[in-house]
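Novice: This is the structure I have questions about; it appears just below.
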Amino acid sequence: MKPDVNSRGRRGFTLVELLVIIGVVVVIVLMAIPAGDKKRGKADRIKCINNLKNVGLAFRIFATDHGDLFPMSLPMRQGGSLDHTNVIEVFRHFQSMSNELSTPKILRCPNDYRTEATNWSSLRNRNISYFIGLDSSETRPQSLLSGDRNLTTNGIPVKSGILELSTNNVVGWSRELHDGQGNIVLGDGSVQQVTAQRLQDQVKTADTPPIRLAVP
């Protein structure tokens, strides 16, 4: 009996060949994941920067309408948030600018696990990703006005509260939001992407210490 040539031509994969193919596919998928994560991380960083640009603009608009003063320098009876500069209610400072900010949703960094507030009345610290520089003003354009909350001092992550920075503090970023980097808003409303070293330099040159930051 002659061998079936057609059946030999249709020989299937052996187990070893199949395992090799699966291994190659797995390697390709694993190589593609970091590239995708990197692109998403860059997009989230850009969105965070846009959020902070809106925050900086809101501060400037508020100051224009209130004698060149930010809300932290005005009492509540004049539309500001000075009454809350000694308490851990960071959301009060942003609420005072509800007319200047389009929505409370921009107060959350897309890399943050925190949830967005759906309206201004429900806004709380847990809905905010950005600190407030309590003593910042337009007259000090290099002062720290706002920025990502993932700060560290002397290598220790900063908790919610009023942070006072002095010359003895080594300030930096945790890896929580932007992989060891962060974004800041200066007193002139400009936004900068800064490394931990650049942030440290900014703190040294921006203000006369202590620098008070309200961290949500």
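Novice: Cβ-Cβ distance below 9 Å, separation of 6 or more or different chains: which pairs start in the range 108-135 with a residue that is within 21 Å of Ser73 (Cβ to Cβ) and among the small types (Gly, Ala, Ser) and end on one that is modelled with pLDDT under 95 and in a loop (DSSP other than H, G, I, E, B)?
Specialist: Pairs found: Gly133/Ser143; Gly133/Gly187; Gly133/Asp207.
Novice: Could you say whether any residue in the range 122-140 is farther than 20 Å from Leu163 by Cα, at pLDDT 95 or above and out of contact with any Gly (no Cβ under 8 Å at 6 or more places or on another chain)? Don't jump to the end; show me each part of the working.
Specialist: Start the filter on the range 122-140 by keeping residues that are farther than 20 Å from Leu163 by Cα, which leaves 122-123, 138-139.
Within this subset, residues satisfying the condition of being at pLDDT 95 or above are 122-123.
Those left that are additionally out of contact with any Gly (no Cβ under 8 Å at 6 or more places or on another chain): 122-123.
Yes, because at least one residue in the range 122-140 is farther than 20 Å from Leu163 by Cα, at pLDDT 95 or above and out of contact with any Gly (no Cβ under 8 Å at 6 or more places or on another chain).
Novice: Determine which member of the set Phe94, Phe62, Phe70 is in contact with a Phe, Trp or Tyr (Cβ under 6 Å, 6 or more places away or on another chain) and modelled with pLDDT of 95 or more.
Specialist: Working: Phe94 fails: in contact with a Phe, Trp or Tyr (Cβ under 6 Å, 6 or more places away or on another chain); Phe62 fails: in contact with a Phe, Trp or Tyr (Cβ under 6 Å, 6 or more places away or on another chain).
On inspection, the qualifying residue turns out to be Phe70.
Novice: For the range 84-107, which residues satisfy the criterion of being in contact (Cβ under 8 Å) with a residue 40 or more places away in the chain, assigned to a loop (DSSP other than H, G, I, E, B) and buried (at least 20 other Cβ atoms within 10 Å of the Cβ)?
Specialist: Within the range 84-107, Val90, Leu101 qualify.
Novice: Name the residue that is farthest from Lys204 (Cα to Cα), counting only residues in the range 132-159 that are in a loop (DSSP other than H, G, I, E, B) and touching a helix residue (DSSP H, G or I) at 6+ places or on another chain (Cβ under 6 Å).
Specialist: Selected residue: Glu138.
Novice: Just to be sure, is Val185 of a type in the set (Val, Ile, Thr), part of a strand (DSSP E or B) and either modelled with pLDDT under 90 or within 24 Å of Glu89 (Cβ to Cβ) (or both)?
Specialist: Values: of a type in the set (Val, Ile, Thr): yes; part of a strand (DSSP E or B): yes; either modelled with pLDDT under 90 or within 24 Å of Glu89 (Cβ to Cβ) (or both): yes.
Yes, satisfied.
The values are calculated or read from the model by the stated rules, or taken from the named source; none is laboratory data. Just so you know, these numbers come straight off a predicted model, no measurement behind them. Cβ sites come from the backbone with ideal geometry, for glycine too, and all protein chains shown count toward neighbours.
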